[in-house]
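A quick write-up on the structure given underneath.
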Amino acid sequence: MRRILSLARAEVLRIVRDRATLVQIFLVPLAQLLVLANAATFQITDTPMYVVDLDHTSTSRGLVTRFTASGHFEIIGESSSLDLANDALRRGRATMVLAIPRDFEASLVRDRRAPVQIALNAEKGAAAGIVQAYASAILAAYSAELGTTLRPSIGAVRAGIAGGQLGEPPPVRGAARIDVRTRSWYNPALDYRDYMVPGILVALVTVIGTLLAAQNIAREKELGTLEQLNVTPVTRAQFITAKLLPLWVLALLELALGLVVGHLVFGMPVRGSVALLFGVAGIYLVAALAIGLWISTLVETQQQAMFVTFFIVMIYFLMSGLFTPLDSMPRWVQLLAELNPVRHFVEISRAILVKGAGLRDIVRPLGALVILALAALGVSVRQYSKRSA
């Protein structure tokens, strides 16, 4: 134990004296957190919207006002011409067109229901679906406010393609009214940063733990000191522990600093046990550091370690549910993602911080994380011993 602590102390001194490493450990991840928490979001504001109001009544103007007051839409044009609306979509000036038919207010008074047409530019991809969700929510809220039913006719229009033109909203037929009431649990304001910041913290801890572990041992190879250490009384297990232990502690400090910044700067909720989160993080970092150790057995230089690490970590992030939901992926990808430790830690961190989950609530992903950590550590140590023999 004394040898391990002595080697670990020497490793800490080396890291502290290396300013480039300190910047890489603390300043770069914080800068990434501040940028990514605002950039990696699906929230859309000031969507350019064109309004075709054929009714010109206080009720139709009230509907338009609800769209602009939401903060998600910005009116870039308004007229009674459907041709001008189509032209705005075709030229890319507008992402959405709101068409209010004639006799809109009269239909609400007479039949308690009225049609509204929404046309979206489908070339925007996923953004069109998000805009559609915003529009549907506003229509539902305004309908409930009036005590009536607004029947949205939503179409995805690809600009510039003949036949994808905005037309008169369809008439309403006698249909049963469905009263839908929704409630958002755990994130009532639907603030995307509450969802993304915990995941970004996992990403930063992963990069620090894996990349520094791979580079650290690769550095010993470049300096030619690795073989010298292998012939000393220090065993390989002691050497590996002494090398990885300071990085394990530094990654936990990085997580603590990220939690403070996320909570104070972005208002990220911390509803669950912080001690439980750090306990899970400690297990996860065993897997992350083991992967870094395994990478170090494949490379000879720090530059090679960096390239291999980013290749592996990129695949991990894309298959973790961090940026895209796993439910939208093919079934075989979802099964393969079960072997991804990042996927389980992202799920656990969001559950603890956002939902306030306890130990009983995270048993399944925690069990998978423990198994993956032990497997990664076993394979990495075995591979390192064979490579160093």
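Couple of notes before you dig in:
- Beta bridges from DSSP with both residues in the stretch 47-157: antiparallel share about 15 percent, rounded to the nearest 5.
- A Förster distance of 41 Å, applied to the separation of the beta-carbon atoms of Ile75 and Ala144, puts the FRET efficiency at 0.95.
- Taking label positions 7 Å along the Cα-Cβ direction at both Leu264 and Val12, the computed distance is 2.4 nm, reported to one decimal.
- Simple Cβ-charge dipole of the stretch 248-389, Lys/Arg +1 and Asp/Glu -1, about Cα centre, in debye nearest 20: 240 debye
- Debye equation applied to the C-alpha atoms of the stretch 205-306, log10 I(q)/I(0) at 0.12, 0.16, 0.25 Å⁻¹: -0.47, -0.72, -1.28
- Peptides 55-65, 251-261 ordered by average Cβ neighbours within 10 Å, highest first: 251-261, 55-65
- Annotation: peptides 280-293, 348-361, ranked by per-residue average of other Cβ atoms within 10 Å with the highest first, follow the order 280-293, 348-361.
- Tail fraction, Cα-Cα pairs, the stretch 312-389, threshold 20 Å, whole percent: 41 percent
- For Gln334, net neighbour charge (Lys/Arg +1, Asp/Glu -1) across residues whose Cβ lies under 13 Å away: -1
- Along its first, second and third principal axes, ordered by size, the stretch 47-157 spans 38, 26, 22 Å in Cα coordinates.
- Charging the Cβ of each Asp and Glu at -1 and of each Lys and Arg at +1, and nothing else, the dipole of the stretch 47-157 about its Cα centre rounds to 180 debye.
- Taking the charge dipole of the stretch 47-157 about its Cα centre, with +1 at Lys and Arg Cβ atoms and -1 at Asp and Glu Cβ atoms, the residue from Thr95, Gly77, Tyr50 reaching farthest to the positive side is Thr95.
- Nonlocal amide H pairs with Glu78, under 5 Å, H built at 1.01 Å: Val51
Throughout, read-outs are computed from the coordinates displayed, never taken from laboratory work. Because the structure is predicted, anything quoted here is derived from the model rather than measured. Neighbour counts are summed over all protein chains in view; Cβ atoms, including those assigned to glycine, are modelled from backbone coordinates with ideal geometry.
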